[in-house]
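Q: Have a look at the structure that comes next, please.
We did not get these values from a lab; they are worked out from the coordinates using the rules stated. All figures in this text were calculated on a predicted structure; none of them were measured in a lab. Counting neighbours? That spans all protein chains shown, and the Cβs are built from the backbone with ideal geometry, glycine included.
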């Protein structure tokens, strides 16, 4: 397998979602390929940065409508 | 969970805050407008409240909530006359490589499929640059350009930390679909960060 094929497996490799045979194959390739090893680190860093992304917040209106749904259910 | 089942408002509102933005985005994939998506979310929470007493905990709470949501969203979409093909929300290029083929040497070269130029090592970048507000803005902007199902799988997994199994069950995806969507989404965000750090 060439680098072009290895990178298509890189996400699964990172998540330890590859079957054992494929995992070993990727591992062996990474040991001798700077390019693919760099890509693995890039994807790892990308995941790390995503973890720092702020999630959207509900608007005040959305929140209060849902609070009203709750009250209505509890009272009804 | 017990607080919820006892009717604790704070517990409910806490859950609403945590899951609400995702639920809104997921609902929006299946219906025609933001307003309808809001209604779907409200109906879903009502369904959650009504079903809470019978929730047995065989799935995680948030998976169960999302299944209620997706059912309501799909039904509402059908009533609107919308039948959303998977490709419309997931992207229609799922069978294509996620990586730019021009990064690799072609069949005419000595080493087909190998790197034509090496990717840049971000570990050499100053930490402050990589995590700067501008980089985060690029990431956020890239998410907005993704097909919504790719964006949501990425958010649930890498922003919010859900397991693959929870995401599959919540969004009714096969394992293969979920993996492909995650891979493509990560690849696009990676490419955007790379382009930004190189600039």
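Q: Pulled fully out, how much extra length does the chain show between residue B:14 and residue B:116, if you take 0.36 nm times their separation in residues and subtract their Cα-Cα distance?
A: 31.7 nm
Q: Under the Kirkwood approximation applied to all pairs of distinct alpha-carbon atoms, what is the hydrodynamic radius of the protein assembly as shown in Å?
A: Over the protein assembly as shown, the inverse of the mean reciprocal pair distance is 20.5 Å.
Q: For the residue pair residue B:87 and residue B:163, what label-to-label distance in nm results when each label sits 7 Å from Cα along the Cα-to-beta-carbon direction?
A: 3.4
Q: Hey, what number do you get for chain A at 222 nm if only DSSP H runs of n ≥ 4 count, each worth -39500 (n - 2.57), divided across all residues, to the nearest 500?
A: After summing the helix terms and dividing by residue count, I get -22000 deg cm²/dmol.
Q: Hey, with R₀ at 30 Å, roughly what FRET efficiency would residue A:74 and residue A:52 work out to, going by the Cβ-Cβ distance, to 0.05?
A: Plugging the Cβ-Cβ distance into 1/(1 + (r/R0)^6) gives 0.20.
Q: P(r) for chain B: what percent of alpha-carbon pairs falls in each 10 Å bin, starting at zero?
A: 8, 28, 30, 20, 10, 3, 1
Q: If one takes the longest principal axis of the Cα atoms in chain A, at what angle in degrees, from 0 to 90 and to the nearest 10, does the Cα axis of helix A:60-75 lie?
A: Helix A:60-75 and the main axis of chain A meet at about 60 degrees.
Q: In percent, what relative contact order does the stretch B:99-199 have, based on Cα pairs under 8 Å that are 6 or more apart in sequence?
A: Relative contact order here is 26 percent.
Q: Among B:157, B:123, B:28, which one moves the most in a GNM of chain B with springs linking Cα atoms closer than 10 Å?
A: Among B:157, B:123, B:28, the largest mean-square fluctuation in the Gaussian network model of chain B belongs to B:123.
Q: Given 37 °C and 0.692 mPa s, compute D for chain A with the Stokes-Einstein relation, Rh being the Kirkwood radius over Cα pairs; round to the nearest whole µm²/s.
A: Rounded, D is 208 µm²/s.
Q: Calculate the mean, over all residues of peptide B:104-115, of how many other protein chain Cβ atoms lie within 10 angstrom of the residue's Cβ.
A: Other-chain Cβ atoms within 10 Å of each residue's Cβ, averaged: 3.
Q: Can you give me the angle between helix B:175-198 and the longest principal axis of chain B, using Cα atoms only, in degrees from 0 to 90, rounded to the nearest 10?
A: The angle comes out at about 50 degrees.
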